[in-house]
Protein chains: 2
Amino acid sequence: GLTLGRQLTIDYYNCRKEALGDCDALEKAFVDAARSSGATVISSSFHAFNPQGVSGVVIIAESHFTVHVWPEHRYAAVDIFSCGEHIDMERAKKTLQEFLGAGKVVVSSDMGRGIF
Amino acid sequence: GLTLGRQLTIDYYNCRKEALGDCDALEKAFVDAARSSGATVISSSFHAFNPQGVSGVVIIAESHFTVHVWPEHRYAAVDIFSCGEHIDMERAKKTLQEFLGAGKVVVSSDMGRGIF
C-alpha cells in the first residue's frame, strides 16, 4: 500500500498566556519549528483576532503547520501535515511545547492521509 | 464539558484531474465553499508546486479550510476546522465533492478539539 501523507493533531493545554497573546512571536515560533523539523517554508500567514486569539498557517513544501489559540483557555490546537519521510514531527512537537510552555500535551490523532 | 472546536478531515479520491491542476480555480472553489458554509473568510493562500500539486489554506474567522492535492493520484486531502456552531460542514463537504468530481469521499476523522 501507498500512503501519501501523515497528519498529527496536537492539543496544547495549560499554555503560558503571554505566548498565546503575541501574534508575531507565534508566527516566528511556528516558522522556526517548521524549519527545525526539516521542512522547507513556502509562506506563512497569521491573523490576530479582537479581543484575543490567533489563527495561523505555515505552508511548507511538504504540506502545512496550522495553529489556533484561545488565550482565555490557555489552549492551542496545532496540526502538522507532512508528505515525505524527512520531517521530524517529534522535534516540531517538542519545540512548540517549549515555546508555548504547555503543561499538558495530547496527540489527539496521528493518521495517514491518502491511503491506496 | 466544553469543546472549543470541531475538525473534519476528508479524503477525496478519484477526483477529476483537471480540477486538481488549476491552482486559481481551486482557490476560488475553496473560498466559495467556505463562504457557502457560513464562514467569514479572512484570507487565502494557495501555492502551485512544480511539476504538479497544490497546497492551499483559507483562514476563516472560525478557524480554517486546508487542502493538498496530488493530481497524479487524483487525490485531495481536505481539513475543515471550525469553532462555533454555525458552520455547515456537510454543505462544505458536498460543495467540494462536486467541484473535485470525487468518486469516493472518506471522512477519515471527525473530532472535537480543545476538550475541557
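The values are calculated or read from the model by the stated rules, or taken from the named source; none is laboratory data. Nothing here was measured: the structure is a model prediction, and the numbers come from that model. Note that each Cβ is placed from the backbone with ideal geometry, even for glycine, and that neighbours are counted across all protein chains shown. With ligands, DNA and RNA removed, areas are computed over all heavy atoms of the protein, side chains included. Shrake-Rupley method; radii C 1.70, N 1.55, O 1.52, S 1.80 Å.
Yes or no: A:ASN14 more than 20 Å from B:THR9 (Cα to Cα), at pLDDT below 95, over 12 Å from the mean Cα position of the chain (by Cα) and polar (S, T, N, Q)? Show your work before the answer.
Working: more than 20 Å from B:THR9 (Cα to Cα): yes; at pLDDT below 95: no; over 12 Å from the mean Cα position of the chain (by Cα): yes; polar (S, T, N, Q): yes.
No, not satisfied.
Report, by residue number, each residue of the range A:95-110 that is open to solvent by 30 Å² or more (accessible area, probe 1.4 Å) and within 14 Å of another protein chain (Cβ to nearest Cβ).
Correct list: A:GLY103, A:LYS104, A:VAL105, A:VAL106, A:VAL107, A:SER108, A:ASP110.
Determine whether A:ALA92 is small (Gly, Ala, Ser) and touching a residue at least 60 places away in the same chain (Cβ under 8 Å).
Numbers: small (Gly, Ala, Ser): yes; touching a residue at least 60 places away in the same chain (Cβ under 8 Å): no.
So A:ALA92 does not fit the description; no.
Considering the range A:85-94 alone, what residues qualify as being open to solvent by 60 Å² or more (accessible area, probe 1.4 Å) and touching a Gly at 6+ places or on another chain (Cβ under 9 Å)?
A:HIS86, A:ASP88, A:ARG91
Looking at this structure, is B:PHE65 open to solvent by 10 Å² or more (accessible area, probe 1.4 Å) and of a type outside the set (Asp, Glu)?
Values: open to solvent by 10 Å² or more (accessible area, probe 1.4 Å): no; of a type outside the set (Asp, Glu): yes.
So B:PHE65 does not fit the description; no.
Quick check: is even one residue across the range B:61-69 among the charged types (D, E, K, R), closer than 24 Å to A:HIS73 by Cβ and not in a helix (DSSP H, G or I)? Working first, answer last.
We begin by selecting, within the range B:61-69, every residue among the charged types (D, E, K, R); these are B:62.
Next, only the ones that are closer than 24 Å to A:HIS73 by Cβ stay: B:62.
Next cut, not in a helix (DSSP H, G or I) only: B:62.
Yes, the range B:61-69 contains a residue that is among the charged types (D, E, K, R), closer than 24 Å to A:HIS73 by Cβ and not in a helix (DSSP H, G or I).
For B:ALA25, all conditions in the list (1) part of a helix (DSSP H, G or I); (2) facing chain A (nearest Cβ under 10 Å); (3) of a type in the set (A, V, I, L, M) hold save one; what is the number of the exception?
(2)
Taking A:VAL78 as the residue in question, decide whether it is open to solvent by less than 50 Å² (accessible area, probe 1.4 Å), facing chain B (nearest Cβ under 10 Å) and either in a strand (DSSP E or B) or at pLDDT 95 or above (or both). Don't jump to the end; show me each part of the working.
On the way: open to solvent by less than 50 Å² (accessible area, probe 1.4 Å): yes; facing chain B (nearest Cβ under 10 Å): yes; either in a strand (DSSP E or B) or at pLDDT 95 or above (or both): yes.
So A:VAL78 fits the description; yes.
Identify, please: which residue in the range B:1-22 is out of contact with any strand residue (DSSP E or B) (no Cβ under 6 Å at 6 or more places or on another chain) and either outside any helix (DSSP H, G or I) or under 15 Å from B:MET111 (Cα atoms) (or both) and is, among those, nearest to the other protein chains (Cβ to nearest Cβ)? Before the answer, list the steps.
Taking the range B:1-22 as the starting set, the residues that turn out to be out of contact with any strand residue (DSSP E or B) (no Cβ under 6 Å at 6 or more places or on another chain) are B:1-2, B:16-19, B:21-22.
Filter once more, keeping what is either outside any helix (DSSP H, G or I) or under 15 Å from B:MET111 (Cα atoms) (or both): B:1-2, B:16, B:22.
On the way: B:GLY1: 13, B:LEU2: 8, B:ARG16: 17, B:ASP22: 18 Å.
Of everything passing the filter in the range B:1-22, B:LEU2 is nearest to the other protein chains (Cβ to nearest Cβ).
Considering the range A:83-109 alone, what residues qualify as being assigned to a strand (DSSP E or B) and either of a type outside the set (D, E, K, R) or closer than 30 Å to B:TRP70 by Cβ (or both)? Steps first, answer last, please.
At the first step, the residues of the range A:83-109 found to be assigned to a strand (DSSP E or B) are A:83, A:104-109.
Matches in the range A:83-109: A:CYS83, A:VAL105, A:VAL106, A:VAL107, A:SER108, A:SER109.
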